[in-house]
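> Following this message is one structure expressed as structure tokens.
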Amino acid sequence: MFHNTPPFRRDTICQFHSNISGLKHLAAHDFEDILLCSMAVFDGHLPSLHDEIVLSLLFIAHWFHSLVKLKMHTRVTLMALTTITTMFGHQMCRFKSQTCDIIPTFELDHEVSAHTQRLARQNLASCEGNTNDEATTKDTQGDKSRY
């Protein structure tokens, strides 16, 4: 979907790669470009309730991003940033509770490989009698939202 987005000027938004989720080592400007185009890309691709939740989340993320990028803050912008941060947290909880379980998601091949290697290292460490608490108690089945 992102690769169908046309570039905007040579130095603003470049052409997107055909597989955004498979990209590695993205720079900050890449994340910013993805965020800037995300509302147009996701609009209308989900059922109406979930579309509204995702678009609201993206709108709040855009708003948060624009406030954070300000070079100088005033009392008003700091209060707005506090409000937007709270709204972002509430919207993320709404997204997690109402949308995450409905939309099927899949791990990429390199994520599956990393997960398998991590489990193999943990099993090897437990077989060798390693008592490293981090290796034995880390949750490897966490959700994809990571927020």
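The values are calculated or read from the model by the stated rules, or taken from the named source; none is laboratory data. Keep in mind that this is a model prediction, so the values were computed, not measured. Note that each Cβ is placed from the backbone with ideal geometry, even for glycine, and that neighbours are counted across all protein chains shown. Keep in mind that these areas ignore ligands, DNA and RNA; they rest on the heavy atoms of the full protein, side chains included. Shrake-Rupley method; radii C 1.70, N 1.55, O 1.52, S 1.80 Å.
> Can you tell me which residues in segment 79-125 are of a type in the set (D, E, K, R) and open to solvent by 80 Å² or more (accessible area, probe 1.4 Å)? If you could, list the steps in order and put the result at the bottom.
Of all residues in segment 79-125, those of a type in the set (D, E, K, R) come to 94, 96, 101, 107, 109, 111, 118, 121.
Correct list: Lys96, Asp101, Glu107, Asp109, Arg121.
> Being assigned to a loop (DSSP other than H, G, I, E, B) and basic (Lys, Arg), is that true of even one residue in segment 74-81?
First, pick out the residues of segment 74-81 that are assigned to a loop (DSSP other than H, G, I, E, B): 74.
Among the residues that remain, those that are also basic (Lys, Arg) are: none.
Within segment 74-81, none of the residues are assigned to a loop (DSSP other than H, G, I, E, B) and basic (Lys, Arg).
> Same structure again: Which members of segment 38-58 meet the condition of being over 14 Å from the mean Cα position of the chain (by Cα) and either touching a residue at least 60 places away in the same chain (Cβ under 8 Å) or surrounded by 12 or more Cβ atoms within 10 Å (Cβ to Cβ) (or both)? Walk me through how you get there before you give the answer.
To start, the set of residues in segment 38-58 that are over 14 Å from the mean Cα position of the chain (by Cα) comprises 40-41, 43-53, 56.
Correct list: Ala40, Val41, Asp43, Leu46, His50, Asp51, Glu52, Ile53, Ser56.
> Residues being among the β-branched types (Val, Ile, Thr) and either touching a residue at least 24 places away in the same chain (Cβ under 8 Å) or under 21 Å from His45 (Cβ atoms) (or both): count how many of those fall in segment 66-125. Step through it out loud before you land on a result.
Looking only at segment 66-125, we keep the residues that are among the β-branched types (Val, Ile, Thr), and these are 68, 74, 76-77, 82-86, 99, 102-103, 105, 112, 116.
Filter again for either touching a residue at least 24 places away in the same chain (Cβ under 8 Å) or under 21 Å from His45 (Cβ atoms) (or both), leaving 84, 99, 102-103, 105.
Total satisfying the criteria: 5.
> Same structure, new question: Inspect all residues belonging to segment 52-62 and state whether any of them is acidic (Asp, Glu) and in a loop (DSSP other than H, G, I, E, B). Walk me through how you get there before you give the answer.
Residues of segment 52-62 acidic (Asp, Glu): 52.
Subsequent filtering for residues that are in a loop (DSSP other than H, G, I, E, B) retains none.
Looking through segment 52-62, none of the residues is acidic (Asp, Glu) and in a loop (DSSP other than H, G, I, E, B).
> Now for a different question. Return a yes/no flag: does segment 44-53 have any residue that is modelled with pLDDT under 75 and not hydroxyl-bearing (Ser, Thr, Tyr). Talk me through it step by step, then tell me what you get.
Filtering segment 44-53 down to residues modelled with pLDDT under 75 leaves 45.
From what is left, the residues that are not hydroxyl-bearing (Ser, Thr, Tyr) are 45.
Yes - at least one qualifying residue is present in segment 44-53.
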